[in-house]
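J.: Here you go, one structure.
The values are calculated or read from the model by the stated rules, or taken from the named source; none is laboratory data. Computed from a prediction, not measured in an experiment: that's the story for all the values here. Don't worry about glycine lacking a Cβ; one is built from the backbone with ideal geometry, like all the others, and counts go over all protein chains shown.
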Amino acid sequence: MGESPTIETRTDQPYAAIPVKVRMEDLGSVVPPLTDRVFGWLADRGVTPVGPPFWRYVVVDMDNELELETGVPVASPVEGNGGNPRWRAACRPLRHGGAHGSSGHARDRDG
């Protein structure tokens, strides 16, 4: 069985991201290559990621488009967008929430 859930308080987390609008059926082919581009953009600027990539869902409209950001956390805010308005440097805000870790496939878990 997994660990018991915990309450976490997380501080602001700077990140670099590419916002994208995508239909659900195109999610797997569109977003992963953009995540690779975020890593490349950071590497070109000598910025080291401080955590794993993430997808931040902004709008979920399963019948039309999802609006999300594919991002990578960094130690401090990244300045500018390299002349490309598609890039976004931002901060995930301070938040409180539950955390629960698990491993393996959902079908293999008890409960």
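J.: Is it true that P73 is at pLDDT 90 or above, crowded, with 16+ Cβ neighbours inside 10 Å, within 15 Å of A16 (Cα to Cα) and out of contact with any Pro (no Cβ under 7 Å at 6 or more places or on another chain)? Working first, answer last.
T.: Details: at pLDDT 90 or above: yes; crowded, with 16+ Cβ neighbours inside 10 Å: yes; within 15 Å of A16 (Cα to Cα): yes; out of contact with any Pro (no Cβ under 7 Å at 6 or more places or on another chain): no.
Considered against the rule, which asks whether it is at pLDDT 90 or above, crowded, with 16+ Cβ neighbours inside 10 Å, within 15 Å of A16 (Cα to Cα) and out of contact with any Pro (no Cβ under 7 Å at 6 or more places or on another chain), P73 comes out as no.
J.: While we're on this one: Taking region 48-63 on its own, how many of its residues are in a loop (DSSP other than H, G, I, E, B) and either within 15 Å of the chain's Cα centre (by Cα) or surrounded by 11 or more Cβ atoms within 10 Å (Cβ to Cβ) (or both)? Reasoning before the result, please.
T.: We begin by selecting, within region 48-63, every residue in a loop (DSSP other than H, G, I, E, B); these are 48, 50-53, 61-63.
Subset that is either within 15 Å of the chain's Cα centre (by Cα) or surrounded by 11 or more Cβ atoms within 10 Å (Cβ to Cβ) (or both): 50-53, 61.
Summing the residues that are in a loop (DSSP other than H, G, I, E, B) and either within 15 Å of the chain's Cα centre (by Cα) or surrounded by 11 or more Cβ atoms within 10 Å (Cβ to Cβ) (or both) in region 48-63 gives 5.
J.: Are there any pairs with C-beta distances below 8 angstrom linking a residue in region 49-64 that is touching a residue at least 12 places away in the same chain (Cβ under 8 Å) to a residue that is among the charged types (D, E, K, R) and surrounded by 13 or more Cβ atoms within 10 Å (Cβ to Cβ), with the two at least 6 apart or on different chains, and if so which?
T.: W55/E69; R56/E69; R56/R92; V58/E67; V58/E69; N64/R23
J.: Okay, moving on. Could you list, in sequence order, the residues of region 20-41 that are of a type in the set (A, V, I, L, M, F, W, C), in a helix (DSSP H, G or I) and either touching a residue at least 12 places away in the same chain (Cβ under 8 Å) or closer than 11 Å to E69 by Cα (or both)?
T.: The answer is M24, L27, V31, L34, V38, F39, W41.
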